[in-house]
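Reading through the structure tokens given below for one structure.
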Amino acid sequence: MSKSTNMLSILWLLRSGRRMTAQQLANELEIHIRTVYRCIDSLCVSGVPIIADSGPNGGLADISVGLAEHYRSMSANMTP
């Protein structure tokens, strides 16, 4: 998949409102976890408000991401 396809796929998964770890996103999209981190970084730079929290054990595998509440409501009119 292209980078833009990966970014949009991540955006749609996060738009559901549930928190997902980077590993869960990678598994769902069948991409490398490093690609997930790059796409999330690009989405943040482009202005998408993504919230990331460290897990209880810390480390890269435990980072959870989810869309900020106000952005989720703003994007309600978007269609895939």
**Report entry** Added length on full extension, which subtracts the Cα-Cα distance from 0.36 nm per residue, Lys3 to Ile51
**Finding:** 15.2 nm
Query raised in the report: Any idea what % of Cα-Cα pairs in the stretch 1-40 are farther than 14 Å?
Result: 33 percent
Requested in this report: Hey, for a label at Arg38 modelled as a point 7 Å past Cα toward Cβ, could you say which residues of the stretch 1-21 have their backbone N under 13 Å away?
Outcome: 1-7
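None of the figures in this text is laboratory data; all of them are computed from the coordinates on show. All values reported here derive from a predicted model rather than from experimental measurement. With ideal geometry, Cβ positions are generated from the backbone for all residues, glycine too; neighbour counts draw on all protein chains shown.
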